[in-house]
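Derivation of every value follows stated rules applied to the coordinates shown; laboratory data play no part. Remember, it's a predicted structure, so these values are computed and weren't measured experimentally.
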Amino acid sequence: MPAVARGFLFFVLALPGIYLAAQTGTTAQPNEDTVFTISVAPPTTAKDVQVRYFLTDQSGVRWSSTAAAAGSDKVVIHTDTAGKTPKTFNAIAYAPGCQFVTFTAEDLASSTRQGDFQCQKLPTVELRGKVALPAGGQQMQVEAMYVARWAGKFFSVPGLSISPLAVTKATVDSDGSFLMDLPDFTNDPLWSSLSSDATLMFFLTDQATGHRVAGLKAPAALSRGGNLKVAATYPEVAFTVRQNQTAKATKGTQHPQ
């Protein structure tokens with residue numbers, strides 16, 4: 001059965017042993033261990049695409065050690081675990097500002113093991129926010145990350161948590177206010193059937209170094225677990241600083257290049 005791409009990450013799945021590693025500067029070349037290749041249409045590059053995926057073997061056991069390499073126009077997912085043969089492949093792919101794309105190959109033996117990512121731009125929605133800056137907090141940015149709570153449903157793994165997806169950043173003014181254009185995820189074709197269970201996670205970052213200074217918490221009326229609920233419109237949001245969250249939230253993740 002050929003792989004199916006449904007219109008609609010490099011980060012770590014929140015499960016031990018599953019990871020994605022970006023390799024840039026050379027075009028990724030498939031080999032005998034190649035599981036799946038995602039061709040990325042310009043102007044988007046493979047480095048822009050963030051992927052989360054699962055493989056299963058013949059017995060239904062989920063794959064526990066896989067890797068991906070990004071060339072200029074392809075994301076090549078390959079196995080680095082000897083003695084295991086993958087049977088199925090499922091993936092979520094996202095590039096900032098674009099619709100989500102999902103890939104499903106129910107039988108890799110008969111699949112072409114190939115899929116395409118072509119960015120379909122989403123309209124944007126404005127978010128006006130404000131946060132109390134820490135003492136001496138100059139040249140700060142707010143970083144927005146997408147939390148795909150619906151991943152468990154797509155991967156058929158109840159309660160699954162995958163690492164969030166990078167969305168965008170905005171500069172914070174000296175008074176703590178910021179203006180951010182977010183993708184309108186409610187306009188994604190998958191919204192009504194799958195992707196509506198999602199939130200946005202925010203971090204305060206040092207603009208000069210890119211280091212995360214603190215996690216931000218949205219007001220209870222607009223949030224779920226402190227993260228801002230994804231919506232078609234947003235009022236002005238007064239964020240507060242989360243205590244001791246930054247290290248926990250970023251542990252084990254990698255930033256896309």
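List of remarks:
- The stretch 124-250 shape via C-alpha gyration tensor axes, a/c threshold 1.5: prolate
- Listed by chain and number, the aspartates and glutamates whose alpha-carbon sits under 17 Å from that of residue 84, ignoring those within fewer than 8 places in the same chain, are 32, 33, 57, 106, 107.
- Amide H to amide H, with H built 1.01 Å from N, residue 124 comes under 5 Å of 184, counting only residues 5 or more places away or on other chains.
- Gyration tensor verdict on the stretch 77-152 (Cα atoms; rounded if a/c is under 1.5, prolate if a/b is larger than b/c, oblate otherwise): prolate
- Only lysines eight or more places from residue 121 in sequence, or on another chain, were considered; those with a Cα closer than 22 Å are 47, 74, 169, 229.
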